[in-house]
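Reviewing the structure listed below.
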Amino acid sequence: MTTRPYVLLSCAMSIDGYIDDATTERLLLSNDSDLDRIDAVRAACDAILVGAATVRRDDPRLLVRSDRRRAHRVARGLPPSPVKVTVTGSGDLDPKARFFALGDGAKLVYCPTGAAEKTREQVGEVATVVDVGESVTPAAVLTDLAARGVCRLMVEGGGSVHAQFLTAGLADELHLVVAPFFVGDRRAPRFVGDGRFPWHPGRRARVVEVRQIGDVVLTRYALSDRCDGG
């Protein structure tokens with residue numbers, strides 16, 4: 001794939017690498033200042049992607065919150081918020097989830113052929129369902145997004161989706177925020193699991209920024225030559 005969107009991964013985790021705890025309540029890892037930073041990053045992207053498990057568990061809105069940023073996008077001829085994107089292997093999605101119910105922008109759902117019928121039955125009236133063949137891969141999603149004019153994609157998780165983009169070598173930049181506490185529960189989800197990653201002791205990712213934001217720390221990593229650190 002010679003042309004694809006620029007891919008920026010965004011994740012917040014505990015000191016011991018967990019992105020949530022094992023309860024049914026959402027664990028808040030960022031603070032207000034960092035959430036405002038994330039809002040600015042969202043506003044600069046054409047699309048935001050999360051996995052179906054994140055849609056089910058966290059019920060995210062994935063909208064630009066700042067009135068000023070939304071107005072700036074509209075003044076540039078863009079919708080107020082980026083296109084929402086999710087990927088599913090089963091089609092198990094609720095059309096009443098905030099991902100689908102909130103915002104007037106486009107929503108895209110990528111699924112394999114085996115789940116296409118169910119996915120269309122579930123959310124076909126509130127989103128565009130894209131059948132990508134035998135299995136949903138980051139490469140297939142990026143190829144379709146590029147054809148739709150998406151130049152900059154923000155991937156917000158969860159861990160399995162992040163791992164898929166990372167192990168495929170299809171990430172250009174990583175924003176990793178560390179919250180000042182431990183979770184300490186192996187039942188909780190981690191940032192990424194096992195895998196063969198392109199970055200290892202012999203090929204280190206390049207750090208382009210380290211910033212304290214209140215009580216959390218942001219580290220930005222360049223994962224490809226496309227990331228200039230700006």
So with the 1.4 Å probe, I'd like the accessible area per residue for the stretch 122-230, rounded to whole Å².
55 Å²
Over the residues of the stretch 51-189, compute the C-alpha Rg and express it relative to 2.2 N^0.38 Å.
1.10
How many percent of the alpha carbon pairs in the stretch 1-44 exceed a separation of 12 Å?
72 percent
Compare the peptides 209-219, 63-73, 106-116 by average per-residue count of other Cβ atoms within 10 angstrom and give them in order, highest first.
106-116, 63-73, 209-219
Kindly give Rg over Rh for the stretch 172-230, based on alpha-carbon atoms, with the Kirkwood expression for the hydrodynamic radius.
1.01
Between the alpha carbon centres of the stretch 12-40 and the stretch 159-214 the gap in Å comes to 14 Å
Taking 7 Å along the Cα-to-C-beta vector as the label spot, tell me the Ser90-Asp194 distance in nanometres, rounded to one decimal.
2.3 nm
Evaluate the distance, in nm, between pseudo-label points positioned 7 Å from the Cα of Ala44 and of Thr167 along their respective Cα→Cβ axes.
3.0 nm
Helix-only [θ]222 nm of the chain, DSSP H runs n ≥ 4, -39500 (n - 2.57) each, per residue, nearest 500:
-7500 deg cm²/dmol
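The values are calculated or read from the model by the stated rules, or taken from the named source; none is laboratory data. On a predicted model such as this, the values are computed, not experimentally measured, just so you know. Positions of Cβ are backbone-derived with ideal geometry, glycine not excepted, and every protein chain shown enters the neighbour counts. Note: areas computed on protein heavy atoms with side chains; ligands, DNA, RNA excluded. Shrake-Rupley method; radii C 1.70, N 1.55, O 1.52, S 1.80 Å.
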